[in-house]
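**Student:** I have a structure here, written as structure tokens, and I will follow up with some questions on it.
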Amino acid sequence: MSAIRRRKNSEASKATNSEKTNYDGDDDKKKKIDEEEEDNKKKTKKPKKWSCVDTCCWLIGCICVTWWLLLFLYNAMPASFNQYVTEAITGPVPDPPGVKLRKEGLRARHPVVFVPGIVTGGLELWEGKQCADGLFRKRLWGGTFGEVYKRPLCWVEHMSLDNETGLDPSGIRVRPVSGLVAADYFAPGYFVWAVLIANLARIGYEEKTMYMASYDWRISYQNTEVRDQTLSRIKSHIELMVATNGGNKAVIIPHSMGVLYFLHFMKWVEAPAPMGGGGGPDWCSKHIKAVMNIGGPFLGVPKAVAGLFSSEAKDIAVARAIAPGFLDNDLFRLQTLQHAMKMTRTWDSTMSMVPKGGDTIWGGVDWSPEEICSPTSRKQRNNDTQANGDQTGNTKRVNYGRIISFGKDVAEAPSSEIEMIDFRDAVKGNSVANTTCKDVWTEYHDMGIGGIKAVAEYKTYTAGSIIDLLQFVAPKMMARGSAHFSYGIADNLDDPKYQHYKYWSNPLETKLPNAPDMEIFSMYGVGIPTERAYVYKLSPSAECYIPFQIDTSADDTEEDSCLNDGVYSVDGDETVPVLSAGFMCAKAWRGKTRFNPSGSRTYIREYDHSPPSNLLEGRGTQSGAHEEIKFIPTSSSGLRRSTCNCNFSSCSELNEMSDVLEMVSSTHHCIYLQIDCNKSLLVFLSETVLWLLLT
């Protein structure tokens, strides 16, 4: 019986083991099936979508890799490779003027002083707030502009001036860079005066015979003397260079706003102390051989009005229309344009560029010196086969005197159809509470909706009413500006009031120095559409907004139209219209006049714009653009040579380049200036600068 029980137990255990084995096999099969299903899911799973972040990272990576690769190849190339490629494509490169003159045996004689224009001179930090730690004596303006995107609000704070005094805010000191490095390069690879300095060095010039009259271009001209004694430093440097160079007088080369700054200097240096430099009435005659004004905005520029009114120019207006969220209220709520307006409205120097002479010079509601829109006028003049009647048919009359018009229909309408409601007595009031605007609170927020509508209802503004407009929309800014600048035409220059420094930078309210041997040149580019008048509209209402903007939808459908993207254009150098650059030397200073009582000789040089023919030319050696024209004196190309000895009314040779003589003859000046048009040769530009320095 025991044997039978043992057999049954063994059989039962075997059955149990076999069942366990079956269960284990089933589990393994299930696991394998689950794993296969997971593998199939992974294989059939959709790929991850390409996100915007991935695209940005990929793009940034490609740019960085390409940049470093190009940088490596550039550094690995021989120094002569660029010249070899250029010569292979464009032919042999001619010698620079400095090399040519040195081969001719010419050497340095007259000392030279450069006077840079607005924004081209470097500014560095000497004292700042906590956010500017580590920036002592680093450039805030010029150079790489790294601080603009690293700490933009801190940069804006340090570049702004005090809104009451127009000088340094408390705890901040930003000063101009000194020496030739102040304006030789504006940014890495973007030269300003460097090429001209290099050519002068080839004929013997060095730092003791060249001086960069750098100044803080943000503050008013007289305040550069009050704060930094800049005018006294310029006076001392010129006296020293003349004394140490055998008594040879200095040649002064101002550019852009530097032209107005040096005009102020010439009156300051003669005026008695403490307002002036105490040099006496013959200081300029003893120390200055010639003043070679390059791209000088003698009578201001309409672009300054748009900048002060809405912080715009044509390019900015187009960008604002394309991407309003970026400029008006960007991704980080920095309100780019509002910050720019608040900052630039503290720069008193910008008010020196407001058009001068009022309606007498710039035209009124019904007329302007330019009158006819003819962008291809030079082509028409050069086409001898085209009849005068055909030329007239291709032109269009434009009311350029209306510098600001609210609406294209207003800009083109007859004056009798425009109902202008005076804005000067409009009631102002806060439009929004200063809760979210904070640092971008501008004077527009003190105008109220009624004040903003009153500005638009006046319809159109000429040069005469622009001053009233700016005083209405920016009273604090204009209160400072009116203390330092004037925009009229003097009735009697012997009136003692014109001895005040506020008139010294306005050529229509001051006399040239008593220096009959001093020569004055006005050199500027032509052939580029230049901003002259604007079509405006009201901006969509929003908190912290700028209520006015250029209407970029205003266009003419005709080819070669003078109205594009809400801006009317005339001939000029892209910044300064011909009227502003050429009027003084073409008319008001020509011969002995009340503005030029000693009869200093004046000359006009007009340079027809020729853009670069290929990328290897960079910015071009024949460009007539405002920033590039000062590089032309280092080129070897020439212009037409023409002379005339005639009365003003019949002097027409200059019209090969522009219509400046027609313009000035049509201005409604209070006194007609009969002149002798003894216009000098339009010689090689290299000879224009270097010949004066060597003779």
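What follows draws every value from the coordinates through simple rules; no lab data is involved. Quick caveat, the model's predicted, so the values are computed rather than measured. Positions of Cβ are generated from backbone atoms using ideal geometry, with glycine treated the same way; all protein chains shown enter the neighbour counts.
**Student:** How much length is gained if the chain between Ser178 and Glu164 is pulled fully straight, taking 0.36 nm per residue apart and subtracting their Cα-Cα distance, in nm to one decimal? Write out the running numbers ahead of the final one.
**Tutor:** On the way: separation 14, 0.36 × 14 = 5.04 nm, distance 2.74 nm.
Using 0.36 nm per residue and subtracting the Cα-Cα distance, I get 2.3 nm.
**Student:** Additional query: Based on the Cβ-Cβ distance of Ala273 and Thr144, what FRET efficiency does E = 1/(1 + (r/R0)^6) give at R0 = 51 Å, to the nearest 0.05? Mind showing how you got there, number by number?
**Tutor:** Values: r = 41 Å, r/R0 = 0.81.
My answer for the efficiency is 0.80.
**Student:** Same structure, new question: Just subtract the alpha-carbon distance of Lys396 and Asp517 from 0.36 nm times their residue separation and send over the number in nm, one decimal.
**Tutor:** Numbers: separation 121, 0.36 × 121 = 43.56 nm, distance 4.38 nm.
Net length gain for the segment: 39.2 nm.
**Student:** List the residues whose amide H sits under 5 Å from the amide H of Glu124, counting only those 5 or more places along or on another chain, with H placed 1.01 Å from N in the peptide plane.
**Tutor:** For Glu124, the qualifying residues are Leu140, Arg175, Val177.
**Student:** Using a Förster distance of 25 Å, how high is the FRET efficiency between Asp555 and Ala456, based on the Cβ-Cβ distance and rounded to 0.05?
**Tutor:** Numbers: r = 21 Å, r/R0 = 0.83.
Calculated value: 0.75.
**Student:** What is the packing order of peptides 461-469, 148-156, 595-603, taking the mean over residues of other C-beta atoms within 10 Å and listing the highest first?
**Tutor:** Working: 461-469: 22.2, 148-156: 14.8, 595-603: 19.7.
The densest-packed peptide leads the list: 461-469, 595-603, 148-156.
**Student:** Suppose R0 equals 45 Å; then what is the FRET efficiency for Ala243 and Leu70 from their Cβ-Cβ distance, rounded to the nearest 0.05?
**Tutor:** 0.35
**Student:** Which entries of Lys286/Lys587; Lys267/Lys497; Lys303/Lys497 show an alpha-carbon separation above 21 angstrom in the structure shown?
**Tutor:** Numbers: Lys286/Lys587 26 Å; Lys267/Lys497 14 Å; Lys303/Lys497 29 Å.
Checking Cα-Cα distances, Lys286/Lys587; Lys303/Lys497 exceed 21 Å.
**Student:** Now a separate question. Would you order His237, His264 from fewest to most other beta-carbon atoms within 10 Å of each residue's own beta-carbon?
**Tutor:** On the way: His237 16, His264 26.
Ascending number of Cβ neighbours within 10 Å: His237, His264.
**Student:** Can you compute 3J(HN,Hα) from phi for each residue in the range 260-275, using the Karplus curve 6.51 cos²θ - 1.76 cosθ + 1.60 with θ = phi - 60°, rounded to whole Hz and x for Gly and Pro?
**Tutor:** Going residue by residue, I get 5, 5, 6, 4, 5, 4, 5, 7, 5, 5, 8, 6, x, 5, x, 5 Hz, with x marking Gly and Pro.
**Student:** Hey, what do the phi angles of the range 455-460 turn into as Karplus ³J(HN,Hα) couplings, whole Hz, using 6.51/-1.76/1.60 and θ = phi - 60°, x for Gly and Pro?
**Tutor:** 3J(HN,Hα) across the range 455-460, in whole Hz: 4, 5, 6, 6, 6, 9.
**Student:** Pop a pseudo-label 7 angstrom from the Cα along the beta-carbon direction at both Asp54 and Val119 and give the gap in nm to one decimal.
**Tutor:** Using points 7 Å along Cα→Cβ, the separation is 4.1 nm.
**Student:** Can you give the net charge of the other residues whose Cβ lies under 13 Å from the Cβ of Ser178, counting K and R as +1 and D and E as -1?
**Tutor:** Working: positive: Arg137, Arg139, Arg175, Arg233; negative: Glu124, Asp184, Glu207, Asp216, Asp228.
Charge balance in the 13 Å sphere: -1.
**Student:** With θ set to phi - 60° and the Karplus curve 6.51 cos²θ - 1.76 cosθ + 1.60, what are the ³J(HN,Hα) couplings of the range 215-228 in order, to the nearest whole Hz, using x for Gly and Pro?
**Tutor:** 8, 6, 6, 7, 8, 5, 4, 5, 6, 5, 7, 4, 8, 10
**Student:** For every other residue with a beta carbon closer than 13 angstrom to the beta carbon of Arg109, add +1 if it is Lys or Arg and -1 if Asp or Glu, then tell me the sum. Before the final figure, lay out the partial values.
**Tutor:** Values: positive: Arg107, Lys249, Lys289; negative: none.
Charge balance near Arg109 sits at +3.
**Student:** Treat the count of other C-beta atoms within 10 Å as a stand-in for reagent exposure and order Ser561, Ser220, Ser285 from fewest to most. It would help to have the intermediate numbers written out before the result.
**Tutor:** On the way: Ser561 15, Ser220 27, Ser285 18.
Least to most surrounded, the residues fall as Ser561, Ser285, Ser220.
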